[in-house]
Amino acid sequence: MSSAQVFYIINLLIYAGVDIIACLGLSQQFGVAGVTNFGFIIFQAAGAYTAAILSLPRQSANGGFQSYIGGWNLPFPVPWIGAAIAGGLVALPFTFLVGRRLRGDFAAVGLLITAVMANLLVTNYRPFLNGAAGLSLVPAPLQGEYNPQSQGYQWDYTVVTLVLAAAAFLLVRRVTESPYGRSLRAMRDNDLVADSLGKNLLSMRAAVLVLGGALAGLSGAILVGFINLWAPSAWGYAETIVLFAAVIIGGAGNHRGAVLGAILVPVGFEEATRYIHGPPGLVDDLQWVAIGLLIVVFLWLRPQGVLPERRRLAAPRIDITERSVVAPLVPTAQAEVVLRAAGVSRDFGSVRAVEDVSIEVRRGTLTGLIGPNGAGKSTLLAMLAGTLPVTSGQIGYLGGDVTGLPAFRRARLGLVRTFQLASEFKRLTVMENLLSAVPRNRGDSLRGALLGRRYWRGDETAAAERAWKLLEQFGLAAYADTYAGDLSGGQRRLVEIMRALMAEPRVLLLDEPLAGVHPHLAHQIGERLLGLCAEGMTILMVEHELAIMDEFCDPVIVMAEGRVLAEGTMAELRARAEVVEAYLVG
């Protein structure tokens, strides 16, 4: 084999390793956590520039032909470590962009615009990083001790690159296969529901952006150490599209798919086009067209990619101890008010959905909330849970004012809700849906995930046992390994109820939980809810089926046109003309 062929193979392997690390970082963000980061290339560029200025001598060296900040000439591996740190730090400001202000497609566009603006800044402000020319003569690692041009050095560089790619794979797999990874996938499927179950979305998005940014920064450092130069033209937004194509084609949410996609697209596909000849510029343009078509074809015909995200099967049941489904509560007087709304209103522009509503929910009661469509019932529940902020008024819970608390903090205090529309995590199994709601699991944090399975196995086993008991009680044990999105409407409602119970609520807000459920099973669920109230739980339930209200709920609150109309037993409400006129007739 000639030296040119050896160099070609080395070149392919190093580029493959660099792209694998970058794709793994993007896969963690996009495929696992659902953060569509169209500004991902910024993190790689930040790592490359950081590694360059940490390893370069002062800008006066080499005749002073380029200008840049820094120039510390630090020894290897400090520049690579600094690159990973820089990639993670650059991600932090993005957290507030995608975590607080923008969500979904708006966040993706915001990140893309930020990437374009950053590229323009670096290109046009020469004193920063030498402008459009970028940085050249970047020292290779250990350049003073070894000859970077030797074949032995280049093979060593290749081995180090592939070892780091393998380490990156093991890192993201450890995070993804932990309870924390399950929470990230739940956030990806439905962030509003994840928030209502006690997940701190801002913290989770920050962690996944920093982790992905660190991997991107490391990949940039490896690349700049190999090619010895870096310029703004190397990190246009189109480069991010190539990485997205790799993740989508390989299989979003599957890290093996990310590795396969990195080999197929940035390395294989782009390398194959080098052998196509044509007018200058035409091949490059056609290459982008082909990549765009590949993305469209896969999204249309095989959106799960070549290697779909794998189904995570539930562990066989091991009966360890008798555990209650609900956390034990301290018995108190039935008359104690545990949840209160005082003068609560909610406006949507010029429309007032809820107006000056005041209600009290007492401990141990199954309180019903009824009213015609558009009465404001679901909006009221959303304000009580913190999913929607109040326009005016106050929410009190367990004697404290929680008006300003976000939904995830209220959920951690035991104030948990379900939703009017189906809100299961579709791409999680039924068992995973239940486990995603478990509070205080030691593996449900980035630190716990990194500490590994031994650290959180006990909590996970106990949670799984509780989940198996609930599945048996609700008759869904046979569906433990079924994707929740594949269940019938009634079964999905049951999953939502069980998931809410797994969150160990003190006060449970149920929004039409029995819609689509067979009447016989609905009656059994009603009996179960009464049993939970007898154990100390408090439930506020929106329901349209009046027979359910008659049999199980006392008291019942009636809303109409955004206001509370009346409160009492169903028998008392039927005797009131204004209630009959507003709702009960027909």
For this session: First select every other residue whose beta carbon is under 14 angstrom from the beta carbon of residue 442; then total the charges, Lys and Arg +1, Asp and Glu -1.
Result: +3
For this session: Step through the residues of segment 125-135 one at a time and calculate ³J(HN,Hα) from phi using the Karplus curve (6.51 cos²θ - 1.76 cosθ + 1.60, θ = phi - 60°), rounding each to whole Hz and writing x for Gly and Pro.
Result: 10, 4, x, 6, 9, 6, x, 5, 5, x, 10
For this session: Give me the angle, in degrees from 0 to 90, between the Cα long axis of helix 78-96 and the longest principal axis of the Cα atoms of the chain, rounded to the nearest 10.
Result: 40
Seminar exercise, completed: Within the chain, the percent of DSSP beta bridges that are antiparallel, given to the nearest 5, stands at 60
Problem set entry | Positive minus negative residues near residue 223 (Lys, Arg vs Asp, Glu; Cβ under 14 Å) | -2
For this session: First measure r as the distance between the Cβ atoms of residue 401 and residue 143, then evaluate 1/(1 + (r/R0)^6) with R0 = 60 Å and state the FRET efficiency to the nearest 0.05.
Result: 0.45
For this session: Would you please classify the overall shape of segment 446-586 from the alpha carbon gyration tensor, given that a ≥ b ≥ c denote the square roots of the eigenvalues, rounded means a/c under 1.5, and beyond that prolate means a/b larger than b/c while oblate covers the rest?
Result: prolate
Exercise. Over the chain, what percent of the accessible surface lies on carbon and sulfur atoms, probe 1.4 Å?
Worked result: 60
Problem set entry | Loop-resident sites, segment 535-586, for GluC sites (Glu not before Pro), counting at most 15 other Cβ within 10 Å (DSSP) | 535, 561
Exercise. Spin-label point model (7 Å from Cα, Cβ direction): what's the residue 133 to residue 203 distance in nm?
Worked result: 4.9
Exercise. Near residue 68, within a Cβ-to-Cβ distance under 12 Å, what is the net charge of the other residues, with Lys and Arg +1 and Asp and Glu -1?
Worked result: +2
Problem set entry | Loop sites in segment 110-208: chymotrypsin sites (Phe, Trp or Tyr not before Pro), DSSP, at most 14 other Cβ within 10 Å | 125, 146
For this session: Report ³J(HN,Hα) in whole Hz for each residue of segment 180-185, in order, from the Karplus equation J = 6.51 cos²θ - 1.76 cosθ + 1.60 where θ = phi - 60°; Gly and Pro get x.
Result: 5, x, 4, 5, 4, 5
Exercise. Given a 1.4 Å probe, how much area per residue of segment 418-468 is accessible, in Å²?
Worked result: 44
For this session: Quick one: check the C-alpha center-to-center distance for segment 155-186 versus segment 50-88, whole angstrom.
Result: 26
Problem set entry | Calculated FRET value between residue 299 and residue 575, using beta carbons and R₀ = 51 Å, to 0.05 | 0.30
Problem set entry | Segment residue 523-residue 352, length gained on full extension (0.36 nm per residue, minus Cα span) | 58.0 nm
Exercise. How many percent of Cα pairs in segment 504-586 exceed 14 Å?
Worked result: 66
Problem set entry | Other-chain or far-sequence residues with amide H under 5 Å of residue 542's (modelled H) | 369, 510, 511, 512
Problem set entry | Value of Rg/Rh across segment 396-441 [Cα atoms, Kirkwood radius] | 1.05
For this session: Enumerate the amide H contacts of residue 560 below 5 Å, restricted to partners 5 or more residues apart or on another chain; note that Pro and chain-start residues carry no placed amide H.
Result: 565
Exercise. If you take the square roots of the eigenvalues of the alpha-carbon gyration tensor of the chain and sort them as a ≥ b ≥ c, do you get rounded (a/c under 1.5), prolate (a/b over b/c) or oblate?
Worked result: prolate
For this session: Binning at 10 Å from 0, report for segment 129-236 what percent of all alpha-carbon pair distances ends up in each bin.
Result: 12, 30, 25, 19, 11, 2
Seminar exercise, completed: Per the C-alpha gyration tensor (a ≥ b ≥ c, the square roots of its eigenvalues), segment 359-424 is rounded if a/c is under 1.5, else prolate if a/b beats b/c, else oblate; here it's rounded
Seminar exercise, completed: Residue-ordered couplings for segment 486-499, obtained by feeding phi - 60° into the Karplus form 6.51 cos²θ - 1.76 cosθ + 1.60 and rounding to whole Hz (Gly and Pro as x), are 8, 7, 6, x, x, 5, 5, 4, 5, 4, 5, 5, 4, 4
For this session: Please list 255-268, 132-145, 188-201 highest first by mean number of surrounding beta-carbon atoms within 10 Å per residue.
Result: 255-268, 188-201, 132-145
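The values are calculated or read from the model by the stated rules, or taken from the named source; none is laboratory data. Note that the coordinates shown come from a computational prediction; the quantities given were computed from them, not determined experimentally. A quick note on method: Cβ atoms are made from the backbone with ideal geometry, for glycine too, and the neighbour counts reach across all protein chains shown. Just so you know, the surface numbers come from the protein's heavy atoms only, side chains and all, with ligands and any DNA or RNA stripped out. Shrake-Rupley method; radii C 1.70, N 1.55, O 1.52, S 1.80 Å.
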